[in-house]
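The values are calculated or read from the model by the stated rules, or taken from the named source; none is laboratory data. What you are looking at is a predicted structure, and each value in this text was computed from that prediction instead of being measured. Please note: Cβ atoms are built from the backbone with ideal geometry, for glycine as well, and neighbour counts cover all protein chains shown. To get the accessible areas, we keep the full protein, side chains included, count just its heavy atoms, and leave off ligands, DNA and RNA. Shrake-Rupley method; radii C 1.70, N 1.55, O 1.52, S 1.80 Å.
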Amino acid sequence: MQGYRAEVGAELLFSFPDGLTWSELDRQGVKLPEKMKFVDLVIERERDILLVEVKDPSNSRSTDKDRNAYLKRLTNNSVLKEELTPKARDSYLYLHLMERDHKPFKYVVLLGLDAFDPDRQKAVLFGFKDRLLADIREESFEAWKRKHIADCVVLSVESWNQHFPEWPLRREPPTAGVGPDGVAQ
């Protein structure tokens, strides 16, 4: 199993089996197209390609003020419109131009909301998937002609492990000995 953290200092630790085809799209320290926003991970499965974006306002380094501000941005759709939708579009476009678009794309948004009580989590997640997919498909005055994202799902840490039990995810604060890939050594 290979460990992966979306960034150095991230607490959410993914475990991927050695045979899984995945790559980090939003890599730091490499030349990427300017003005484009990318998802954290691309996972290729037999029948589709998953674009995975990780947002973790529950990180223990976040203050209550920062968490609540992020929660407000989630509920008023600014995270959706300013971050999530552009990342789906730009990631698809990049992979299309790199000729890596030979399967349907599905967008997976992982929201680390476990610092919030279950009722608040449900309130934030209620309808979020539908709003996100609608925004992805119609960013301007008319809908995109091509359905570049076949579907999407918005998951919590707990529901990630239910949807993808073969790719377990856990919250684990990094130790002082974190390697360049963000995984504790």
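Computed across segment 39-185, the Kirkwood hydrodynamic radius from all distinct Cα-Cα pairs reaches 16.5 Å. For Leu113, the residues 5 or more places off, or on other chains, whose built amide H falls under 5 Å of its own are Val157. Dipole magnitude for the chain: about 420 debye, using +1 per Lys or Arg Cβ and -1 per Asp or Glu Cβ, origin at the Cα centre.
Have a look at the DSSP beta bridges in the chain and tell me what percent are antiparallel, nearest 5. Rounded to the nearest five, the antiparallel share is 55 percent. For the residue pairs Lys122/Lys145; Lys55/Lys147; Lys87/Lys145; Lys72/Lys103; Lys122/Lys147, the C-alpha atoms sit more than 30 angstrom apart in Lys122/Lys145; Lys72/Lys103. Toward the positive end of the charge dipole of the chain, with +1 on the Cβ of Lys and Arg and -1 on the Cβ of Asp and Glu, the farthest Cα among Phe14, Thr175, Leu80 is that of Leu80. With all protein chains in place and ligands, DNA and RNA left out, the 1.4 Å accessible area ranks Asp40, Asp101, Asp66 as Asp66, Asp101, Asp40, largest first. Across the accessible surface of the chain, with the other protein chains kept in place and a 1.4 Å probe, carbon and sulfur atoms take up 52 percent. Amide H contacts under 5 Å for Cys152: Tyr107, restricted to partners 5 or more places along the chain or on a different chain, H placed in the peptide plane at 1.01 Å from N. A compact globular protein would have a Cα radius of gyration near 2.2 N^0.38 Å; the ratio found for segment 1-110 is 1.13. Excluding ligands, DNA and RNA, the accessible surface per residue across the chain is 55 Å² with a 1.4 Å probe.
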